[in-house]
Amino acid sequence: MANVIPPDASPTEKFEDLTWLFTCDSRNRGLIRQGFDEAALLWKAVKVSSGNILEVGRNFAGSTVLLAAAAANREVYSIDNRSHEDTACKNYLARPENKHRVHLLVTDSREPLPNLSFGLLFIDGDHSFEGVLADVLAHWMSLQPHGGNLALAAFHDALPNDNFKWRDADRRMNHFWTRVKNKFRKRQKPEVAPDYAPGVLRVCDELVRQGAAKKWRSASSMLVLQKLTDIPQHFDRTARENFQSQ
Ligand SMILES: C[S@@+](CC[C@H](N)C(=O)[O-])C[C@H]1O[C@@H](n2cnc3c(N)ncnc32)[C@H](O)[C@@H]1O
């Protein structure tokens, strides 16, 4: 069975610690564009942090619902450059207990939100190297530990994973035809759809390499970093140089 992590014997385990009981992959995706284990890790990141939450990229707003549900009474700021929320999610977020504290912003995530600080960032917007780098540069400064808790940044699509293995298992003929067609193409297509975005991982690696963060936890493609320091000087220049040299 893929992705099964041996159970931890901790007596304080909660439902969200038991994802190893399930088969978790892209088939779990619905209004939230995450596997069950990824969403459980995001839930845990909310629970061990405090203060405001910033989401970059909400799409149908399934992840906004999850953040709002996990973070009762906390302010949730969600940025997307288009308003594309599913009606069920929108209705959930418009309930009296949510509507004054959940802020659905339609703007470019590369712009910082002035005068706000956050205990948790969830970055799931533009997955290109430059896109993630811009999001980190815009919001890392406003990520601060609150109430003695960890300051965490969760990145979706950051790690290689088995999310799409089930789908590709039955597509040997498709792979074969892609391989044949690639012989005649100027720009080759991947035989197997990518399961993560290398640009996201490169920015995360750079945060760790330059001492601004350390790994907290991961599940499938979701990587959660703990902030250690603000962005070092010349972070973006060094990150770009390293990205281009590899
Ligand atoms: C993968 S989806 C988010 C999925 C959602 N977090 C979930 O888990 O269900 C990415 C979203 O990022 C948004 N996005 C991409 N680039 C952006 C940018 N520069 N500023 C704001 N939103 C952006 C897209 O419109 C899209 O809705």
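For the structure I just gave you, tell me whether residue 101 is at pLDDT 95 or above, more than 9 Å from the ligand (Cβ to nearest atom), open to solvent by less than 30 Å² (accessible area, probe 1.4 Å) and basic (Lys, Arg).
The answer is yes for residue 101.
Under the condition of being more than 16 Å from the ligand (Cβ to nearest atom) and open to solvent by 40 Å² or more (accessible area, probe 1.4 Å), which residue from the stretch 129-146 is farthest from the chain's Cα centre (by Cα)?
Once the filter is applied, the top-ranked residue is 146.
From the list 109, 83, 50, which one is part of a loop (DSSP other than H, G, I, E, B), open to solvent by 60 Å² or more (accessible area, probe 1.4 Å) and among the small types (Gly, Ala, Ser)? Walk me through how you get there before you give the answer.
Details: 109 fails: open to solvent by 60 Å² or more (accessible area, probe 1.4 Å); 50 fails: open to solvent by 60 Å² or more (accessible area, probe 1.4 Å).
Of the residues listed, the single one that is part of a loop (DSSP other than H, G, I, E, B), open to solvent by 60 Å² or more (accessible area, probe 1.4 Å) and among the small types (Gly, Ala, Ser) is 83.
Here are 80, 86: which of them is out of contact with any Asp or Glu (no Cβ under 9 Å at 6 or more places or on another chain), within 12 Å of the ligand (Cβ to nearest atom) and either touching a residue at least 12 places away in the same chain (Cβ under 8 Å) or among the aromatic types (Phe, Trp, Tyr) (or both)? First the steps, then the outcome.
Working: 80 fails: out of contact with any Asp or Glu (no Cβ under 9 Å at 6 or more places or on another chain).
Criteria check complete, one pass: 86.
For the stretch 53-69, enumerate the residues that are away from the ligand (no atom under 12 Å from the Cβ) and either in a helix (DSSP H, G or I) or surrounded by fewer than 24 Cβ atoms within 10 Å (Cβ to Cβ) (or both).
Once the filter is applied, which keeps residues that are away from the ligand (no atom under 12 Å from the Cβ) and either in a helix (DSSP H, G or I) or surrounded by fewer than 24 Cβ atoms within 10 Å (Cβ to Cβ) (or both), the stretch 53-69 yields 68, 69.
Somewhere in the stretch 35-49, is a residue at pLDDT 95 or above, of a type in the set (Asp, Glu), farther than 30 Å from residue 111 by Cα and more than 10 Å from the ligand (Cβ to nearest atom)? Steps first, answer last, please.
Within the stretch 35-49, the first condition is being at pLDDT 95 or above, and the residues that meet it are 35-49.
If we keep only those that are of a type in the set (Asp, Glu) as well, we get 37-38.
Pick out the ones that are also farther than 30 Å from residue 111 by Cα and you get 37.
If we keep only those that are more than 10 Å from the ligand (Cβ to nearest atom) as well, we get 37.
Yes, some residue in the stretch 35-49 is at pLDDT 95 or above, of a type in the set (Asp, Glu), farther than 30 Å from residue 111 by Cα and more than 10 Å from the ligand (Cβ to nearest atom).
Does residue 149 fit the bill of being more than 16 Å from the ligand (Cβ to nearest atom) and not assigned by TED's automatic domain parsing to the domain that holds residue 213? So that I can check it myself, show each step before the final result.
Working: more than 16 Å from the ligand (Cβ to nearest atom): yes; not assigned by TED's automatic domain parsing to the domain that holds residue 213: no.
Considered against the rule, which asks whether it is more than 16 Å from the ligand (Cβ to nearest atom) and not assigned by TED's automatic domain parsing to the domain that holds residue 213, residue 149 comes out as no.
For residue 126, state whether it is under 14 Å from the mean Cα position of the chain (by Cα), in a loop (DSSP other than H, G, I, E, B) and near the ligand (Cβ under 9 Å from one of its atoms).
Numbers: under 14 Å from the mean Cα position of the chain (by Cα): yes; in a loop (DSSP other than H, G, I, E, B): yes; near the ligand (Cβ under 9 Å from one of its atoms): yes.
Judged against the criteria, residue 126 is a match.
The values are calculated or read from the model by the stated rules, or taken from the named source; none is laboratory data. As the structure is a prediction and not an experimental result, all values here were calculated from the model. All Cβ positions, glycine included, derive from the backbone under ideal geometry; neighbour counts span all protein chains shown. The area values use the complete protein model at the heavy-atom level, side chains included, leaving out ligands, DNA and RNA. Shrake-Rupley method; radii C 1.70, N 1.55, O 1.52, S 1.80 Å.
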